[in-house]
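See below for the structure under consideration.
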Amino acid sequence: MKAGRRTTLLLLLGVLYNWGWAIDLETMRFPSVLGLIGVTYFVAAIALSATVNRGVLLCVTIAILTITTLAHLVVSVPGGAPGVLTPEGSINSWLDQTLLPGRLHGETYDPEGLLGIFSSSSITLAGVLAGLTMVSIPRRNAAMMRCAVYFLAAGFALLLIGFALAPAYPPIKKIWTAPFDIIAIGSSLILLAMAILLFDIWNRKKLGIGLAAIGANAILAYFGARYLIYPVYGPAENWPPAMSAAVVAVLMIGMWFVLAALYRRRIFWRL
């Protein structure tokens, strides 16, 4: 129930984010980045509630990647053909146009559409697997170092697999192909391993304060950009490049100081 409430709230906030300042029911867009995060979080929460067995969760993750691959390369849709990954001919486009109401961000498909949400759930489940691995080991330097090495090795292996598949099945973020998911998981594992080395083993926690201020209020930062920076950035695109860049930089730095102040006061917008 808690996961369901959080997912529903993220879906609603995603619609609000898409509206921005110009609320227009005729051009309402229902899919969103926040909605994708909410649904994939719900999938991971349900899976984790069912089992903490990493082998089973790994099989579920592989199954999602396999089904996504088959959908993209084997399934034929009306007006398209198997293996077509264009904005007009992909199965993502057919599903979104057939089942989603409102406006699609990609016109013929939505980057946060139905198959995209299903496919990207593999990345969230990979995060669950990484988290379960981390909490299962002792908080000692030797154990943490082994964990970091495993994550690095797995990350680079997944990057190789993802790029090796590219000639036959390219990594495309907008329709969340399986190679893109694999590359995203591999990149995230490498970054996680670096964070373990930097903050847990080498104890350089002060270096992470600047990032922590953003991560602790990530959704607030996301909405701040939408309602404060983007409205200025639009007109600024027509200004001289140096002036445009300076204005956007000032706005972003100003927002970071706000987030840093909230972080120091332990004020967080949690869903």
message = Tell me yes or no: at least one residue of segment 124-141 is part of a helix (DSSP H, G or I) and over 29 Å from ARG5 (Cβ atoms).
response = yes
remark   = For segment 238-256 the number of residues that are more than 30 Å from VAL39 (Cα to Cα) and surrounded by 11 or more Cβ atoms within 10 Å (Cβ to Cβ) is 9
Criterion: in contact (Cβ under 8 Å) with a residue 24 or more places away in the chain, part of a loop (DSSP other than H, G, I, E, B) and over 30 Å from SER136 (Cα atoms) - qualifying residue of PRO31, PRO82, PRO78 = PRO31
message = in contact with a Lys or Arg (Cβ under 8 Å, 6 or more places away or on another chain) and over 17 Å from LEU192 (Cα atoms): which single residue out of LEU115, LEU104, LEU100 fits that description?
response = LEU104
Contacts under 6 angstrom Cβ, first residue in segment 143-156 being assigned to a helix (DSSP H, G or I), partner of a type in the set (Gly, Ala, Ser) and open to solvent by less than 10 Å² (accessible area, probe 1.4 Å), 6 or more apart = ALA148/ALA193; PHE151/ALA193; LEU152/ALA193; GLY155/GLY186
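For every residue, the table says whether it meets (1) open to solvent by less than 40 Å² (accessible area, probe 1.4 Å); (2) outside any helix (DSSP H, G or I); (3) of a type outside the set (Asp, Glu); (4) farther than 24 Å from GLY14 by Cα.
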residue	(1), (2), (3), (4)
LEU158	no, no, yes, yes
PHE163	no, no, yes, yes
ALA168	no, yes, yes, yes
ASP200	no, no, no, yes
ALA212	yes, no, yes, no
note = When restricted to ARG265, ARG270, the only residue of a type in the set (D, E, K, R) and under 21 Å from the mean Cα position of the chain (by Cα) is ARG270
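The values are calculated or read from the model by the stated rules, or taken from the named source; none is laboratory data. Since this is a predicted model, take the numbers as computed values, not measurements. Reconstructed Cβ throughout: ideal geometry from the backbone, glycine too, with neighbour counts over all protein chains shown. Accessible surface is based on the protein model in full, side chains and every heavy atom, while ligands, DNA and RNA are left aside. Shrake-Rupley method; radii C 1.70, N 1.55, O 1.52, S 1.80 Å.
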